[in-house]
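Report on the structure given below.
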């Protein structure tokens, strides 16, 4: 299972990317037993986590991550926060003037001054890797930096590191937790650019996460911190095979083989189960059947869309924790009874199911309870078109009146 | 299936068995008059399987806890369950036939490929490394010590024995022979029918020294037996005792000395008195009583007894708390910082956001309500809003003299215990903020007196009630109808009520009465050009 280290470099862009990054590395450190200062407790048995962490000569483990934002406030919180010793100061890049929720500023005006510095750091990181697999980018669609700067970065990465996989986790804008009116503009412009350059995108919708927090975790008014703790459980599940020894989806290329039938259709839908608060966890049994059912239900999806109206192109199910292969058979028989799983005829991929031995961890103080077993399901379904249709609808509404267009034209678009 | 040829002898009274996927307790073995052969009398968990209450053709063979939950079956359909060690091997043991890529017939026309089964099986069958054992629903009925397997699972800390056929605590204690480091134990849905006494409990107690989390949901254990549980699990930190139809009562003062988290969801608690008794638990920091039907909450005022001294989290979702007085009482808990009250009638007393502000204002030390942190700004806004909401009553209470209503202030403070504190923080509410603006249309109508010519000439004065937003255009139409003066020729002016000021010209037809500051009882003078 373990071979030459196949490293993955994470880039966290903008406020959204940085805040998700904070939560993400906090969780990863807990999962691997790494302290806030980078030292590891206990014996090393499984070296797979070195895909995400680099070992320094002093025995410290530094995440292979870069944080970049065009204005300093959010990253300053990392510099002064609990995990400030974990990151090298050179990994945290900030500019002075932000992109003001404007794609054009993030891509052209302000972004172009930052991109060279960032690429320098990326090259440096890549050189220290034995066998770089690819990149994972965390950003939002709605913000200026998250949209504009990410497009610029992906463009340049494609030129320099064309052969490496580029995955990203965009946060789809939502009306409930929205900060700007021009989010549809930023989203459509980014998607146009990243469609060609990224290999796979695990979209996450703030509305869906918001509702999950309210409904499953009984949080009255979810904040970004609640949403991010939920999102990073998905990130952890998706990357678990990259960080622990397992059998399914052990490298980024395998994700592509399993989930992406055609290059442009690379937006799988992520579902996760069980999502339970501490008190509910104590009296739910959480059998394999229950969590499988929950993962197929619309209530546990990370994007709001109706999968019953779409067809499946590919599906990957990764169970984690205390599950035996025989339990999988039970779960599969249950799935067979679901007559609403229809595949498209023009796509050869099917279902892949795997188990990861390591159970989930939760950050202390999180609303989600630590469960002995969990399931992360990634499906490539045609129902994702509904999410795009919603976004396009909003774009058309604004663009038909040329509303706010002058902000973009003014920056050179 | 059956455990051997001597099933008649090997089934004992009180034994838990499985019969066609339903769980039951053995109550009788032997012949039944009126039917041939040997029978087993069962008390079913599921009432719908029962046919009678232990009698057949007029003779009583056994008694049951709930009426009509019993029936007789043949011994060969009774499954007495399996050994713990066999269950572990069955579930996690090495499976020679496992492969790393297995194709299973699929759904939607596609194959399902299971990856890595052999790899996982190899890891899980390495018992010396296992960290968690889940034997849910595997019909484990006995745990017999077997010297071959001493400390078989040295690193395993979690054991889930839910939905099994174990019926005695002595049997459960043998688990530590195989799993010496067990810290989390779950026995949900296991009916422990064998009774326990103090000496047995003490004997077992050293086995469970390391267990910090115990789950006993749906076990129907009597609340009176909890002291035994406390003796057996002396270091217990978390106890889940949900859905047991438990009738709460007191606990001996040394019970559960280390207990920090207690879950009592879905037990029927129709009076808070029963929960108050738990207030003596010295270490309790988190208490969950969701869905218990609690009607109200209160805490005694006594200074000697410290009720719930360390409680920082209280969860009372889906109860029947309907009065704000309960909220006031929650302010008495010294350490309470987190509270959950979703789905209680008290939160529907007002609009959603106001209900939250009311709760925030009434409990001063609270930091998290319904899992959402109360930021400093929210606390300030809620408390100021609260002071304004009850400001009128506060001033009334202050204003009344001691003779007429001596107790008004006392009553006010009893219902608003934090009011004084809030007023100290932010000052009293402004009188202007307290004025209630009426939204009714009839309260915003103006009474205007319309006269043609001049006021003194004694001509007819018509009084009309008009909304203050009436345009002058409309006013002219009305005047035309009443006084028959052509609206195009009307020249309007008005004199303020009670003054002898010069009339003010009303010269813009498109403006309203309020634009010209025309008020109640003003006189409008009509002249024609």
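The values are calculated or read from the model by the stated rules, or taken from the named source; none is laboratory data. Keep in mind that this is a model prediction, so the values were computed, not measured. Glycine gets a Cβ as well: all are built from the backbone with ideal geometry, and neighbour counts include every protein chain shown.
Side notes on the structure shown:
- Residue under evaluation residue B:334, criteria (1) assigned to a loop (DSSP other than H, G, I, E, B); (2) at pLDDT 90 or above, criterion not met: (2)
- Residue check for residue A:59: assigned to a loop (DSSP other than H, G, I, E, B) and either free of Cβ contacts under 8 Å to residues at least 60 places away in the same chain or surrounded by 23 or more Cβ atoms within 10 Å (Cβ to Cβ) (or both): yes
- The residues listed here are A:392, A:329; of these, the one that is within 11 Å of chain B (Cβ to nearest Cβ) and part of a helix (DSSP H, G or I) is A:329.
- Among the criteria (1) free of Cβ contacts under 8 Å to residues at least 40 places away in the same chain; (2) surrounded by fewer than 20 Cβ atoms within 10 Å (Cβ to Cβ); (3) not in a loop (DSSP other than H, G, I, E, B), the one residue B:356 does not fulfil is (2).
- Qualifying residue in the stretch B:382-403 (condition: within 14 Å of another protein chain (Cβ to nearest Cβ) and assigned to a helix (DSSP H, G or I)): yes
- Selection count where residues are out of contact with any helix residue (DSSP H, G or I) (no Cβ under 7 Å at 6 or more places or on another chain) and within 12 Å of another protein chain (Cβ to nearest Cβ), scope the stretch A:361-372: 3
- So residue B:159, is it more than 10 Å from chain A (Cβ to nearest Cβ), within 29 Å of residue B:21 (Cα to Cα), surrounded by 18 or more Cβ atoms within 10 Å (Cβ to Cβ) and in contact with a helix residue (DSSP H, G or I) (Cβ under 7 Å, 6 or more places away or on another chain): yes
- Qualifying residue in the stretch A:43-53 (condition: touching a strand residue (DSSP E or B) at 6+ places or on another chain (Cβ under 6 Å), in a strand (DSSP E or B) and at pLDDT below 90): no
- Unique match (being closer than 30 Å to residue A:45 by Cβ and outside any loop (DSSP other than H, G, I, E, B)) among A:376, A:315: A:376
- Among the residues of the stretch A:332-348, those that are touching a strand residue (DSSP E or B) at 6+ places or on another chain (Cβ under 8 Å) and more than 8 Å from every other protein chain (Cβ to nearest Cβ) comprise A:344, A:347.
- Qualifying residues in the stretch A:297-319 (those that are within 11 Å of another protein chain (Cβ to nearest Cβ) and closer than 25 Å to residue A:172 by Cβ) - the one surrounded by the fewest Cβ atoms within 10 Å (Cβ to Cβ): A:311
Conditions (1) in contact (Cβ under 8 Å) with a residue 60 or more places away in the chain; (2) within 14 Å of another protein chain (Cβ to nearest Cβ); (3) out of contact with any strand residue (DSSP E or B) (no Cβ under 9 Å at 6 or more places or on another chain); (4) surrounded by fewer than 21 Cβ atoms within 10 Å (Cβ to Cβ), marked per residue:
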residue: A:124; (1), (2), (3), (4): no, no, yes, yes
residue: A:136; (1), (2), (3), (4): yes, no, no, no
residue: A:144; (1), (2), (3), (4): yes, no, yes, no
residue: A:151; (1), (2), (3), (4): no, no, yes, no
residue: A:169; (1), (2), (3), (4): yes, no, no, no
residue: A:187; (1), (2), (3), (4): yes, no, no, no
residue: A:200; (1), (2), (3), (4): yes, no, no, no
residue: A:205; (1), (2), (3), (4): yes, no, no, no
residue: A:212; (1), (2), (3), (4): yes, yes, no, no
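- In this structure, residue B:93 qualifies as modelled with pLDDT of 85 or more, within 30 Å of residue B:123 (Cα to Cα) and surrounded by 12 or more Cβ atoms within 10 Å (Cβ to Cβ).
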